[in-house]
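Each reported figure results from applying straightforward, stated rules to the coordinates on display, with no laboratory input. All values reported here derive from a predicted model rather than from experimental measurement. Glycine also receives a Cβ, built like all others from the backbone with ideal geometry; neighbour counts cover every protein chain displayed.
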Ligand SMILES: [Ca+2]
């Protein structure tokens, strides 16, 4: 056990550094009547997130998106959304009907920390978080904060859009990274013991 612990301590910093080398992942968010599970998702470029609506209240639909100017729609410049999400579809007669939003993060322009709104058709609203960062070990994507046009000093972090939740976001991302690193270290430690 002591050997495992030692290996864990030695390996952890190494893995923490390697954790950013990344294969595309798909994350699933369950959209419920009063909340999302999970409420916050952290992705890198080339990941996919799918928001799956399981709110089966009669005639209630969801529409999840970024409302930059706070006017209650997702149609303005720089805004994006899921479109209307039903809880179930009659696929034969409603070919446009959807129950899930499959959002492929394939554009570095999407990098940022977002507070999205899930607008319910009955006027309810749930705020959810979506954090998108570059996979900076890929080598081909622009570094966050790199000057690409109108340069502003001290722009070392992606701008928090709509909300000042950056500390919470960072905490969540750090916690996620640590959990991943810890799990990986345990795996490696186990493998080392077997060898
Ligand atoms: Ca808007």
Item to check | Extension gain, residue 75 back to residue 106 (0.36 nm per residue minus Cα-Cα distance, nm) | outcome: 9.1 nm
Next on the checklist: At 0.36 nm per residue, and after removing the present C-alpha to C-alpha distance, how many nm does the segment from residue 192 to residue 96 gain when stretched out fully?
Outcome noted: 29.3 nm
Checklist outcome for this item: Put in order of increasing Cβ neighbours within 10 Å, starting from the fewest, 57, 194 give 194, 57
